[in-house]
């Protein structure tokens, strides 16, 4: 048996397990883990079944199957980065609203205290 | 002047200037209320302002000029003011020019007024690279909004209640002055420019180098291009 498929299976299985463990410990929101889980499953599938990788890459016209893996990984990284950018933008907006709200509430609290005295 | 107006002064580490600015306003525009928005300063800006018997909004951390200004607009809107005026905390703006700025708002001639250094008989002097950058921005912004805007980076502005409400929902973060002009145009508001006098920078030479001025211009142009493709809710 080839050592490479065995090694890649082990690595992807490890990645899968760490993602699951992070979710279990509440360190990773399910919402954000979905992409990672899908990616890890795809990698695991291809490391176990080399023939399906070869079949798929030839189907899209790629002669060298590992290139197909690189393309998939690259696309995945782009997608997850765009996704993170939108998440950060959303958090930025919420953070700004909260910061402004804290200042406004503090001001009305001060005014109330002055009025009470 | 029977219109209830509020002057919003965003300030980040302006402890040395803010007292003078507040005195200037008290002398020349005693009818207008003032709120200082302390944008998470690390110096005593907020305390100095409070000692001048001025209301202060203290942001728990630094948001940048856009977020600070918007906090002021939210305050003005909730307090029911009819008009809000933007005024710099660094002493560049002159309180004796306020009357000219707010007149079109009070008379309903426009929804938003911008105080321009470049209109009127006494042209503003400044560093060449900076003036050149402003000139290019002015051309682009004028083209986009379909009318002449000579001073798109001016932060000396007045807004009526409608614009105030609009700004509480949409206020640009990065380069709020030129971006806001484009945004207001797209939302269907009427903007007018008013000739005003401003002070030259007090602290000797400006820290803005030619390279920085150029870089600033490019970034603002990009931000405006992005604003043009954004969906804008109508005012």
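The values are calculated or read from the model by the stated rules, or taken from the named source; none is laboratory data. Treat the numbers as computed from the prediction; the structure is a model and nothing was measured. Please note: Cβ atoms are built from the backbone with ideal geometry, for glycine as well, and neighbour counts cover all protein chains shown.
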- Before we move on, is residue B:45 in contact with a strand residue (DSSP E or B) (Cβ under 7 Å, 6 or more places away or on another chain) and more than 25 Å from residue B:101 (Cα to Cα)? yes
- Message: Regarding segment B:52-63, can at least one residue be identified that is farther than 30 Å from residue B:217 by Cα and away from chain A (no Cβ under 14 Å)?
- Response: yes
- Query: Among helices (runs of 4 or more DSSP H) lying entirely in segment A:24-117, which contain 1 or more residues that are surrounded by 13 or more Cβ atoms within 10 Å (Cβ to Cβ), over 25 Å from the mean Cα position of the chain (by Cα) and at pLDDT 90 or above?
  - Reply: A:50-59, A:65-116
- Total residues in segment B:90-108, condition under 22 Å from residue B:13 (Cβ atoms) and either modelled with pLDDT under 95 or surrounded by fewer than 22 Cβ atoms within 10 Å (Cβ to Cβ) (or both): 5
- Just to be sure, is residue B:105 outside any helix (DSSP H, G or I) and either within 14 Å of chain A (Cβ to nearest Cβ) or touching a residue at least 40 places away in the same chain (Cβ under 8 Å) (or both)? no
- Message: With the requirement that a residue be touching a residue at least 24 places away in the same chain (Cβ under 8 Å) and more than 18 Å from the chain's Cα centre (by Cα), what does segment B:134-144 give you?
- Response: B:136, B:140, B:144
- Query: What is the number of the single condition among (1) surrounded by fewer than 18 Cβ atoms within 10 Å (Cβ to Cβ); (2) away from every other protein chain (no Cβ under 11 Å); (3) at pLDDT 95 or above; (4) assigned to a loop (DSSP other than H, G, I, E, B) that residue B:47 does not meet?
  - Reply: (4)
- Those residues of segment B:154-174 which are part of a loop (DSSP other than H, G, I, E, B), surrounded by 18 or more Cβ atoms within 10 Å (Cβ to Cβ) and touching a residue at least 60 places away in the same chain (Cβ under 8 Å) amount to B:155, B:156, B:171, B:172
- Message: Quick check on residue B:111: is it at pLDDT below 95 and crowded, with 17+ Cβ neighbours inside 10 Å?
- Response: no
- Task: For segment B:19-31, indicate whether the set of residues that are facing chain A (nearest Cβ under 9 Å), assigned to a helix (DSSP H, G or I) and either surrounded by fewer than 19 Cβ atoms within 10 Å (Cβ to Cβ) or under 19 Å from the mean Cα position of the chain (by Cα) (or both) is non-empty.
- Result: no
- Odd one out for residue B:77 among (1) assigned to a loop (DSSP other than H, G, I, E, B); (2) within 13 Å of chain A (Cβ to nearest Cβ); (3) surrounded by fewer than 23 Cβ atoms within 10 Å (Cβ to Cβ): (1)
